[in-house]
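Participant: Here's a structure for you.
Values quoted throughout were computed directly from the atomic coordinates according to the rules given, and no laboratory measurement underlies them. Nothing here was measured: the structure is a model prediction, and the numbers come from that model. Positions of Cβ are backbone-derived with ideal geometry, glycine not excepted, and every protein chain shown enters the neighbour counts.
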Amino acid sequence: MKIAIQHEFLTVDAEGRVAGHDAGDTLVRRLLRVFPGATLIGPRTHRYPDFDVVPLEMLDGNDTVLINMDVIDSAAAWRTLRATCEKPKVMNFVWWSTSRYSEAVEMAELALACALFPTFANSERTMRAISESVRRWTVKPLAERARIGGVNLGIRLEHVQARQEPATPVVLYPAIYVSQRKQPGLFIDVVSKVAKKTPIVVEARLSEAHLVSEPAMRLSREHWAKVGPLVPSRHDYWKALARTTAFLATAEDESYGLEYIEALVAGAIGVFPDREWARAILPEKYPFFYKTPAEAEAQLLRAVTDTAACRAELDKAVNGSFADWLRDHHDEDNFESSIAEHVTRWFGPIS
């Protein structure tokens, strides 16, 4: 059995590499490592050194499993493949929070897609949310036959670089978007208060479309803030993380939180909202959860003025090394072996 991967916003650069910095692009690259030789779905046929791009209509569905990252369209993809093969093999990959859909029609479409086709989720929390959605929005015969799996994504630990402590503490806006769900206004309000009490540099590296947003413009007017585009490479990204002192998470919901885990593994101190999504990725006794903006301010101020003591608290929270705890709980090898095992279980051996 062969593998094909579909991601609506896929971009491939002139050198034949999957471009882009958001989670979707990153995950396509990771899937290509798990399934070397996989085909990517795109508007036009093109052969690159490491993979081929073909339109969905030209995919040989008889011996190919389609891993669809555009889950809500899985039924449409199945119908396209059904025109040229008897039994299309479609698998959902849910790599975002199910809360992105709030309209009843979209929620029902998502639940139906996950009931009809085997579904792999990017975290245990997302897996549970999908299971609940299927039970709520579909009929009992479909819900009972749903095949749903998932595991925390984890990160590539070999990317981590040695710490380079900055002369002035660096506070990161830990996202590339300033969408409402991320609550950028809360982030700006809190870091503005901290900046009045101690010298800091706030860095925000944003997707191009979000550089001209109101929150980005508001932040860029502050003399202590640096707002710019995404760094050009993963090496530069990890180099920047290695000199990041702390970050403030303000999102209402996350399916996993890849950016936060990467920053933590790089040595930054994370200040998190006391929400279910954050507790799902951190140790039970993690010391930097806030319930109010005032608590967020106080914790972030400590992180940038008493950094060594805060790092000691992180170690104490896990009765050992916090860095080792992160590596044990967020190693991408677990994700890669799990998704490969699920594909084999659901569809047979992969060639």
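Participant: Mind giving me the FRET efficiency for residue 324 and residue 236? R0 is 30 Å, r the Cβ-Cβ distance, nearest 0.05 is fine.
Facilitator: Calculated value: 0.70.
Participant: On to the next question. Running Debye on the stretch 157-329 with equal point scatterers at the Cα sites and no solvent, what base-10 log of I(q)/I(0) appears at q = 0.08, 0.13, 0.16, 0.19 Å⁻¹?
Facilitator: Cα-only, vacuum Debye calculation for the stretch 157-329: -0.21, -0.59, -0.93, -1.39.
Participant: Moving on to the next point. Calculate for the chain the 222 nm mean residue ellipticity that helices alone would give, adding -39,500 (n - 2.57) per DSSP H run of length 4 or more and normalising by residue count, nearest 500 deg cm²/dmol.
Facilitator: -12000 deg cm²/dmol
Participant: Can I ask one more? Output the 0 to 90 degree angle, nearest 10, between the alpha-carbon long axis of helix 332-347 and the longest principal axis computed from the alpha carbons of the chain.
Facilitator: 20
Participant: Taking the chain as a Gaussian network, where each spring joins two C-alpha atoms under 10 Å apart, which residue of 290, 48, 173 fluctuates the most?
Facilitator: Result: 48 has the largest fluctuation of those listed.
Participant: Mind putting a number on the dipole of the chain about its Cα centre? Charges go on the C-beta only, +1 for Lys and Arg and -1 for Asp and Glu, and I need it in Debye to the nearest 20.
Facilitator: 280
Participant: Related question: Relative to 2.2 N^0.38 Å, what does the C-alpha radius of gyration of the stretch 239-292 come to as a ratio? Two decimals please.
Facilitator: The reported ratio for this selection is 1.07.
Participant: Please sort by residue number the GluC sites (Glu not before Pro) in the stretch 87-156 whose DSSP state is loop and whose Cβ has at most 11 other Cβ atoms within 10 Å. List each step's numbers first, then the result.
Facilitator: Numbers: sites: 103, 106, 109, 124, 132, 144; in loops: 103.
Those that pass, being in a loop and sparsely packed, are 103.
Participant: So which GluC sites (Glu not before Pro) in the stretch 250-350 pass both tests, a DSSP loop state and at most 11 other Cβ atoms within 10 Å of the Cβ? Each step should come with its number before you reach the end.
Facilitator: Details: sites: 252, 254, 259, 262, 276, 284, 295, 297, 313, 332, 336, 341; in loops: 252, 254, 284.
Taking the stretch 250-350 and a limit of 11 other Cβ atoms within 10 Å, the loop GluC sites (Glu not before Pro) found are 284.
Participant: Please report the Cα spread of the stretch 42-118 along all three principal axes, rounded to whole Å, starting with the longest.
Facilitator: So the three principal-axis extents are 39, 28, 18 Å.
Participant: What's the center-to-center distance, using Cα atoms, between the stretch 2-62 and the stretch 99-130 in Å?
Facilitator: The stretch 2-62 and the stretch 99-130 have Cα centres spaced 23 Å from each other.
Participant: In addition: In the stretch 269-343, which trypsin sites (Lys or Arg not before Pro) are in a loop and have at most 13 other Cβ atoms within 10 Å, using DSSP for the loop call?
Facilitator: For trypsin sites (Lys or Arg not before Pro) across the stretch 269-343 that sit outside H, G, I, E and B with at most 13 neighbouring Cβ atoms in 10 Å, the list reads 285, 291.
Participant: Additional query: Towards the positive end of the charge dipole of the chain, with charges on Cβ (+1 Lys, Arg; -1 Asp, Glu), say which of 263, 199, 5 has the farthest Cα.
Facilitator: Working it through, the farthest residue towards the positive pole turns out to be 199.
Participant: In a shell of Cβ-Cβ distance under 15 Å around residue 73, excluding residue 73 itself, what net charge do Lys and Arg (+1) and Asp and Glu (-1) give?
Facilitator: Working: positive: 79, 82, 100; negative: 8, 57, 70, 106, 109.
In short, -2.
Participant: Please report the base-10 log of the normalised intensity I(q)/I(0) for the chain, using a Debye sum with one equal scatterer per alpha carbon and no solvent, at each q in 0.12 (1/Å).
Facilitator: Once normalised to I(0) and log-transformed, intensities are -0.92.
Participant: Quote the charge dipole size of the stretch 157-329 about the Cα centre in Debye, to the nearest 20; the model charges only the Cβ of Lys and Arg (+1) and of Asp and Glu (-1).
Facilitator: It comes to approximately 440 debye.
Participant: Give me the orientation-averaged projected area of the Cα convex hull of the stretch 239-341, in nm², one decimal.
Facilitator: With every direction weighted equally, the projected area is 7.0 nm².
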